[in-house]
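The values are calculated or read from the model by the stated rules, or taken from the named source; none is laboratory data. Bear in mind the structure is a predicted one, so any value in this text is a computation, not a measurement. All Cβ positions, glycine included, derive from the backbone under ideal geometry; neighbour counts span all protein chains shown.
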Protein chains: 4
Amino acid sequence: MQYNNLGKAGIKVSEISFGSWLTFGNQLDTEGVKSCLRTAYENGVNFFDNAEAYANGLSESLMGMAIKEYKREDLVISTKIFWAGKGPNDRGLSRKHLLEGTWNSLKRLQVDYVDLIFCHRPDPTTPIEETVFAMDYIIRNGLALYWGTSEWSAEQLEEAYLVADKRNLIPPTMEQPQYNMLVRTKVEKEFKPLYEKHGLGLTTWSPLASGVLTGKYNDGIPQDSRLAKFENLREEFEKGGLLSQENIEKVRKLTKIANDLGATMAQLAIAWILKNPDVSTVITGASKPEQVEENVKASQIKEKLTDSVMEEIEKILNNKPL
Amino acid sequence: MQYNNLGKAGIKVSEISFGSWLTFGNQLDTEGVKSCLRTAYENGVNFFDNAEAYANGLSESLMGMAIKEYKREDLVISTKIFWAGKGPNDRGLSRKHLLEGTWNSLKRLQVDYVDLIFCHRPDPTTPIEETVFAMDYIIRNGLALYWGTSEWSAEQLEEAYLVADKRNLIPPTMEQPQYNMLVRTKVEKEFKPLYEKHGLGLTTWSPLASGVLTGKYNDGIPQDSRLAKFENLREEFEKGGLLSQENIEKVRKLTKIANDLGATMAQLAIAWILKNPDVSTVITGASKPEQVEENVKASQIKEKLTDSVMEEIEKILNNKPL
Amino acid sequence: MQYNNLGKAGIKVSEISFGSWLTFGNQLDTEGVKSCLRTAYENGVNFFDNAEAYANGLSESLMGMAIKEYKREDLVISTKIFWAGKGPNDRGLSRKHLLEGTWNSLKRLQVDYVDLIFCHRPDPTTPIEETVFAMDYIIRNGLALYWGTSEWSAEQLEEAYLVADKRNLIPPTMEQPQYNMLVRTKVEKEFKPLYEKHGLGLTTWSPLASGVLTGKYNDGIPQDSRLAKFENLREEFEKGGLLSQENIEKVRKLTKIANDLGATMAQLAIAWILKNPDVSTVITGASKPEQVEENVKASQIKEKLTDSVMEEIEKILNNKPL
Amino acid sequence: MQYNNLGKAGIKVSEISFGSWLTFGNQLDTEGVKSCLRTAYENGVNFFDNAEAYANGLSESLMGMAIKEYKREDLVISTKIFWAGKGPNDRGLSRKHLLEGTWNSLKRLQVDYVDLIFCHRPDPTTPIEETVFAMDYIIRNGLALYWGTSEWSAEQLEEAYLVADKRNLIPPTMEQPQYNMLVRTKVEKEFKPLYEKHGLGLTTWSPLASGVLTGKYNDGIPQDSRLAKFENLREEFEKGGLLSQENIEKVRKLTKIANDLGATMAQLAIAWILKNPDVSTVITGASKPEQVEENVKASQIKEKLTDSVMEEIEKILNNKPL
């Protein structure tokens, strides 16, 4: 397993990491969480991603129980704050919710601090200055080591850097955007100036485009798939055009390349992201230990992605942002 | 119930809020406080206002007992510091009293932090820089989330903003001025530049002009009224001319409008304040649950205050600051 | 009793205060300390001065026991850090000694914080920047509310203000210089620019010029006097020329004025200092309650010091700094 | 024993100090550590150097047990953070490792704070700004009193000073370089501008050039020597040319001078360093109390190093950096 700096920051994260979204507390109970985590850890994964919103906090509670078996220093633990409940102050990036959310997440995770803490979305109802002040407070009080954002725009991030610089506050270290073969603009174009200028790191999510890149939707939506089960997911798919015929066609062609490399389509999709030097870590999900093992093997597939293979893939994708 | 940002700040307060002044510890005992609070909460009120000075601290103690039945995150709790006793350092905005006052208020309220903390009055004997340093300290130590002032002048607030900017200190978020149909200059004129420039929020008090706007003094001062009982209140009334024949006349005309809208005079008075977009929340008082219910219904009356009704009211009031 | 701001700061100190130097732990045991303190407190004194050096810490321990009988908010408690022992890091204004000294003083005083903390002398072996950083740290950590210096020069204070301004650190609030009818230059001339420019407050010590201004040395050094007992005190006297024939002559003349006003010479000496508007409080000592009572009566004598009496005194003293 | 300021800082360190490297936990057990420490302390040594890396933390644990017998204020205790284990975040100067490393060192040392904390090496994978922010955090949280570096370049130190100045962070106070008769360039040339400009202090290590300056390798490498036992040490020797014939020749000549002064060669080597006014303290090692005694006597030898003796030594060394 390769360990990367998180952007310019000194902390090291495994290039493949493990997220709890949609699995912890949904498909996985205590024992399931423990065995997936153990497999990931034993395969070199050190970064475990979470959020207060996942399974209404249950995801953090499950991870909290599981990580007690590890040396704290060996883990990079994250959470994200934005949605904790239905009350008027249970969401968003106000000082009130950021602090209360963080205090509650730490209790559920049973730790004194998380390594990474994210503003899970931008909050247009709160000034960015208030948010940066609060994140700085969280770090200066030892509740987290580094802070970042998720799904913010480059413009919002620039404002955060500006405020931090002006007020001597600790600036963001990383962003958590969606990024995969089919969704590329933000990471490859919009954020481009931020990497060198501010040393922004990326912890990317949805490497398989919600499963599209596994090829499992190539012949329609299987009845037991997440897409069949979660309506809001299906809507998002339709809105984003993820399941267009064009995309299905691409996946079919890519699968052929994957097979030629001795890889699954999922491994190829993950390995392709690992080739991007601006990405610090790819967050992968799994509902069983074997899936974890399959995911981490993408590290080896990365070695096989020569320039010519990458060009071939680019030709198929044909969606490189200009 | 509508929830507003507190000025530009991310925290959300119910547009109608509940204050303990003159009731907690005076007209209300533990059970009375609990049932009023419960009614307010169940009607969507989330902001509960208090002060170290109210009933010599008893008001905070009573509220402290009552709020233990709620989830802390659901509440926006305030206190105000200025008058705690008779000692030379028991009043004012010195670092000594602000810190000691806050520590004591938190103990009485039985909470780790209040959401909002106010400098209850300006203190000409303490430099504003000392006060801003102390309020910043209170927030950075997690004793409060936002700080503000009460009955400060625009000039004093500007100085506070200046010091905060120069010293990288946390600036004030809100002011708590008196504001109602009969007392308008400060909110509508003096503070006007502060709303856009600094995003100042307002938590206004005395929506009924100490009862004048209920119409209960239309035919003289009733024997069991607060005005009959509290001499200092009566003096203030006389000084401010609140009970002038002119005002009584206005109240009589406004009552007619209220009746036409199916509202009590009090509801109209509150609703009229809610129409002011610079007001974040109107602090109302009540000595019984039914009164709480009457107050919160002003939210619905607000919907009936069309432009033409507002013009009609303006014509009657005839006191719009230029 | 009159309460003054400490310079421009908001905290209020009684114009006559009570110091423990040379008495607590030397002439006074636990009961003695308690009864002197009680008398002072009941006569309106709220500021009680101390130092880690006094009686090797015993003075603080005794005061710590005595003040437990009072409401913390009613007291203004000070200590001073500079000499705690014989080790190489037990003295001076290094970050190490300032922090360790403060932690130990608070333990002896049995309080969470002192109101005022002083750098007991300048320390040429430590950069003023290091000292200001450490004092700022002490205040930001809630160990003290205000910090100041004792027997620093105006130049050293200016440097402290400069560093504090540049680094956004909390500047000094007060100085504790020697000041009395016979020692005037520092307070009346050297510090003059600091009062208006920085709002420096003064807590002056030695109002009686180590007893000279009581008249008790008018006829030589009595065998049971402090001067007879403490050699280093006698040396300092000689160096400063305090017991010169000229001074004795002045004291004799002043005693006559005192008698005319119905005051003791000591009361006149204290009252004369109270007339200086740049002095926030005069620290007085006492080894028995009656002495405390005599001292505080100087407040009343002050009222009798009309312009013409002050002129008469000035003519006798004839030492006004130009 | 002479006590020096640590550069310009107010803290005082004995000019000869005692380090635990290679001895605590290797050659010395609990009793051995205690008796060496006691001997050093009784001979006036107040600075005891350590690091998380020494004997994998055991060195700190042993010192932690030993120092409980002393008054905390009498000791200047250090540790250094860089290597704590094999995990990706167990080394370097990231915020994560600096904080976790410090927390763990304090536990092993059983103290609330160390006096001095060092970044044990430069870390090219972490921005210096992140490191300075973390060290500032460590000091502002009371975990250490002063921070410094070890084996950093002048350029890296300049960058740290720049960041600290720009961000109002606490700058480094001291460096811990290798320095002895045979290794001089860094201390005497590269760092020269830092002493006056920033008041940098030095706590130098390897005064005997890993034993070469004792003369024990004059006739080859003895079988029971450290050099025979530790291969990596031997490699470093070869790389640095420490055991060149030229050096052996110098040592032989210097030994003659030592004997003329009634000193051992080791004492002369230490005393020669003490003559450098830019050095705050020389860290010496010992595996038995007698060695400690021998080392501290170098203080007396220093007095014998007149200008002419120093010139004679310089002629033999013939390696003064230009």
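Of the residues B:Thr125, B:Thr39, which single one is in contact (Cβ under 8 Å) with a residue 12 or more places away in the chain and within 12 Å of another protein chain (Cβ to nearest Cβ)?
The conditions single out B:Thr125.
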Out of (1) of a type in the set (D, E, K, R); (2) within 14 Å of chain A (Cβ to nearest Cβ); (3) part of a strand (DSSP E or B), the one B:Lys80 does not meet is (2)
Take D:Ala164 and decide whether it is at pLDDT 95 or above and crowded, with 17+ Cβ neighbours inside 10 Å. yes
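Every residue, every condition in (1) in contact (Cβ under 8 Å) with a residue 40 or more places away in the chain; (2) not hydrophobic (A, V, I, L, M, F, W, C), yes or no:
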{"position": "C:Val45", "(1), (2)": "yes, no"}
{"position": "C:Ala55", "(1), (2)": "no, no"}
{"position": "C:Leu58", "(1), (2)": "no, no"}
{"position": "C:Leu62", "(1), (2)": "yes, no"}
{"position": "C:Met65", "(1), (2)": "yes, no"}
{"position": "C:Gly85", "(1), (2)": "no, yes"}
{"position": "C:Gly92", "(1), (2)": "no, yes"}
Over segment D:272-290, the set of residues in a helix (DSSP H, G or I) and in contact (Cβ under 8 Å) with a residue 24 or more places away in the chain is D:Trp272, D:Ile273, D:Leu274, D:Pro289
Name the residue, out of B:Asp49, B:Asp29, B:Asp74, that is farther than 30 Å from C:Asn5 by Cα and within 9 Å of another protein chain (Cβ to nearest Cβ). B:Asp74
Limited to segment A:2-23, what total is found for residues that are facing chain D (nearest Cβ under 7 Å) and either crowded, with 22+ Cβ neighbours inside 10 Å or in a loop (DSSP other than H, G, I, E, B) (or both)? 5
For segment D:170-185, check the following and say yes or no: at least one residue is under 26 Å from D:Ala271 (Cβ atoms), without any contact (Cβ under 8 Å) to a residue 60 or more places away in the chain and either within 14 Å of another protein chain (Cβ to nearest Cβ) or among the acidic types (Asp, Glu) (or both). yes
Note: among C:Lys96, C:Lys107, just one is more than 12 Å from every other protein chain (Cβ to nearest Cβ), among the basic types (Lys, Arg) and outside any loop (DSSP other than H, G, I, E, B), namely C:Lys107
What's the total number of residues in segment D:83-128 that are at positive phi and crowded, with 20+ Cβ neighbours inside 10 Å? 1
Filtering segment A:149-167 down to residues that are in contact with an Asp or Glu (Cβ under 6 Å, 6 or more places away or on another chain) and more than 13 Å from every other protein chain (Cβ to nearest Cβ), which residue is nearest to A:Trp205 (Cα to Cα)? A:Thr149
Looking only at segment D:135-153, decide whether some residue is under 14 Å from the mean Cα position of the chain (by Cα) and on the phi > 0 side of the Ramachandran plot. yes
Inspect segment C:26-44 for any residue being assigned to a loop (DSSP other than H, G, I, E, B) and buried (at least 21 other Cβ atoms within 10 Å of the Cβ) and give the result as yes or no. no
Taking only segment D:238-278 into account, find how many residues are touching a helix residue (DSSP H, G or I) at 6+ places or on another chain (Cβ under 6 Å), of a type in the set (D, E, K, R) and at pLDDT below 95. 0
Given (1) buried (at least 16 other Cβ atoms within 10 Å of the Cβ); (2) out of contact with any helix residue (DSSP H, G or I) (no Cβ under 6 Å at 6 or more places or on another chain), identify the lone condition not met by B:Val282. (2)
Among the candidates C:Val111, C:Val132, C:Val187, residue that is of a type outside the set (Phe, Trp, Tyr) and touching a helix residue (DSSP H, G or I) at 6+ places or on another chain (Cβ under 6 Å): C:Val132
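Per-residue answers, yes or no, for (1) surrounded by 20 or more Cβ atoms within 10 Å (Cβ to Cβ); (2) under 20 Å from the mean Cα position of the chain (by Cα); (3) over 21 Å from C:Met265 (Cα atoms):
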| residue | (1), (2), (3) |
| --- | --- |
| C:Gly199 | no, yes, yes |
| C:Leu202 | yes, yes, yes |
| C:Trp205 | yes, yes, no |
| C:Ala209 | yes, yes, no |
| C:Lys216 | no, no, no |
| C:Lys229 | no, no, yes |
| C:Glu235 | no, no, yes |
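Can you say whether D:Ala51 is in contact (Cβ under 8 Å) with a residue 60 or more places away in the chain, in contact with a Phe, Trp or Tyr (Cβ under 8 Å, 6 or more places away or on another chain), assigned to a loop (DSSP other than H, G, I, E, B) and not aromatic (Phe, Trp, Tyr), as far as the supplied structure shows?
yes
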Subset of segment A:186-221 [more than 28 Å from D:Thr125 (Cβ to Cβ) and of a type in the set (A, V, I, L, M, F, W, C)]: A:Leu208, A:Ala209, A:Val212, A:Leu213, A:Ile221
Of the residues in segment A:235-248, those that are assigned to a helix (DSSP H, G or I) and of a type outside the set (Val, Ile, Thr) number 9
